1. For residue A:31, what residues show an amide H to amide H distance below 5 Å, using hydrogens built from the backbone and excluding near sequence neighbours?
2. At residue B:134 and residue B:156, where each label point lies 7 Å from the Cα along Cα→Cβ, what is the point-to-point distance in nanometres?
3. Can you grab the distance from the C-alpha centre of segment B:142-183 to the C-alpha centre of segment A:82-106, Å, no decimals?
4. Pairs on different chains or at least eight residues apart, Cα atoms closer than 29 Å: how many lysine pairs in segment A:2-235 fit?
5. Using only C-alpha positions, report the orientation-averaged shadow area of the convex hull of chain A, nm², one decimal.
6. Using the number of other C-beta atoms within 10 angstrom as an exposure proxy, rank B:71, A:89, A:13 with the fewest first.
7. Quick check: from the Cα gyration tensor, does the protein assembly as shown come out rounded (a/c under 1.5), prolate or oblate?
8. For the protein assembly as shown, what does the helix formula give at 222 nm: sum of -39500 (n - 2.57) over DSSP H segments with n ≥ 4, over the residue count, nearest 500 deg cm²/dmol?
Amino acid sequence: MSVLELRSISKVYGRGAAEVQALRDVSLTVAAGEMVAVMGPSGSGKSSLLTIAGTLEEPTAGAVLVNGKDTLRLSGGAKSQLRRRAIGYVFQDFNLLPGLTAAENVSLPLELDGTSMRKAHLAALKALEELGLSDQARRFPDQLSGGERQRVAIARAVVGERSLLLADEPSGALDSANGEAVMRLIHRYCKRGTAAVVVTHDAQLASWADRVVFLRDGRVVDQTATPAGPETLLEQPS
Amino acid sequence: MSVRHALLALLSEGPKYGLQLREEFEANTGQVWPLNVGQVYTTLQRLERDGLVTAIGGGGPGGEPGPQKAYRITEAGAGELAKWLRVPPDLSVPPRDELVMKVLIAVRVPGTDVSEVIQAHRRYLVELMQEWTRLKEDDNGRDVAFSLVVDSELFRVDSVIRWLDAAEGRLRRALADGWNPARAAAATASAGLPTRPTMGVRR
């Protein structure tokens, strides 16, 4: 089953003379274990696509399915729950809460979802350990380097076994070695079954993805061929 | 790429045999540029002729190279190597790039959507980068020489994609401003080609 399915999405901002059509009839399906990069110039609709995929914003037309659920038909509460449990977000500027330690930043989404503090803390430590950040768990964001902050943000996005990872220029603020490390991590999570959509204008980062989709003027104009590999062969509909 | 200087560099570590030089060359370039043993021997012969290396054993200097012969770098060879490492390669003259030509020509062919031409090239180049990135991922930084070669290819292809992005943006703006490529070219031809400053004079 696909983790994310966008069906003929359109998005219009404003009205009348100020009307801007950000997305036009965009369809995109991302399977479990698949990493998709969305490339396009500024203003091509990349960020709108991501916020709509993450149910942070509703499309003007079309349907958004996450794990087979039509998110536009969910109540506000059910949608928030889906966002907390199934979807992880990674932003260019990390968006860590400055007053919380690395571990507290990572455990927060679990606690908000009702997991006990102790369990959430243990899960956070495990997620940080996997990203090589055990020594940084008690530090605050301003005591971490840019690369470490982004890894903490990735830990926060994947903690609790979320199925969909959405990243907007996740290595935009990092140097090339740290940027590569971030993409390597996201790809590693995908190999374990997470689905990811990474929005970027950087071809080097996009080249980590299994499939690259090209967006222009709000339309999908092209995409790369999916390489034939054992994972893709397994996911082909029979 | 200079096989000649690569061999001198390997010999600067100590005397070596031809076969050994080939293996080390390939290992040091991440096995991206294969080299046949004939090329190694021909290059060694020329280096010996120019006094940059000397043969040891195997019938003495001047004879046919072969597996039994080792080579040592001379003082002149070490000097040549040091000089070569520091002389910038000539990048001042733009290469006659086929992709640049295709885009320039596409602009002039009636009924051709330049954006579509550019996108076809962009997709191909991104697919190429995906292949390099996959190799890099599989290697996981174990072979540093290989990572260096892959990074250099990724940056090179990336720069071509950036040029395509910039070219597409520039063309869209120009066409939106009413630019007509055929008329512009005719106007330039009748006014005489503008003189451009010579590049690379600071080298």
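1. Distant-sequence amide H within range of residue A:31: A:3.
2. With each label point 7 Å from Cα toward Cβ, the separation is 2.1 nm.
3. A separation of 34 Å, based on Cα centres.
4. For segment A:2-235, the number of qualifying lysine pairs is 14.
5. If I average the Cα hull's projected area over directions, I get 13.7 nm².
6. With the sparsest Cβ surroundings first, the list reads A:13, A:89, B:71.
7. Since a/c reaches 1.5 but b/c is at least a/b, the shape of the protein assembly as shown is classed as oblate.
8. Result for the protein assembly as shown, helices only: -15000 deg cm²/dmol.
Computed from the coordinates by the stated procedures, all read-outs in this text should not be read as laboratory data. Since we're looking at a predicted model, the values are computed, not measured. Every residue, glycine among them, receives a Cβ derived from its backbone with ideal geometry; neighbour counts consider all protein chains shown.
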